[in-house]
Amino acid sequence: MSQPYKTPDTDLFQTLWAKQDGLCALCDQPMLRSRFEAAHATLWAKHRATIDHIQPRSKGGRDEIENLQLAHATCNKIKGNKT
């Protein structure tokens, strides 16, 4: 499955990005905002910023900014539905 070439340009995303200084909330490493920042599409797929629920929706977490953070796609996948 192909990935978008850049991260969402929404107020929510921009707020979380600024709050976290562009760092992954799970590993504290820099995230990519654009496919063109990555040397290869595989790197983009792994290191692009995704929105993560701190308390997963499957465990009652809500879609509110207090429960959301940005994380690398890979970090988010590894975390799964853990808190």
I need every pair where a residue in the stretch 62-83 that is under 19 Å from G22 (Cβ atoms) has its Cβ under 8 Å from the Cβ of a residue that is among the aromatic types (F, W, Y), sequence separation at least 6 or different chains. L70/F13; L70/W17
Just the residues that are at pLDDT 75 or above and exposed (fewer than 10 other Cβ atoms within 10 Å of the Cβ), please, taken from the stretch 31-65. S58, G60, E64
Could you count how many residues in the stretch 51-83 are closer than 15 Å to C24 by Cβ and out of contact with any Ser or Thr (no Cβ under 8 Å at 6 or more places or on another chain)? 10
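The values are calculated or read from the model by the stated rules, or taken from the named source; none is laboratory data. Model, not experiment: these values are computed from the prediction. Note that we place each Cβ from the backbone using ideal geometry, even for glycine, and neighbour counts take in every protein chain shown.
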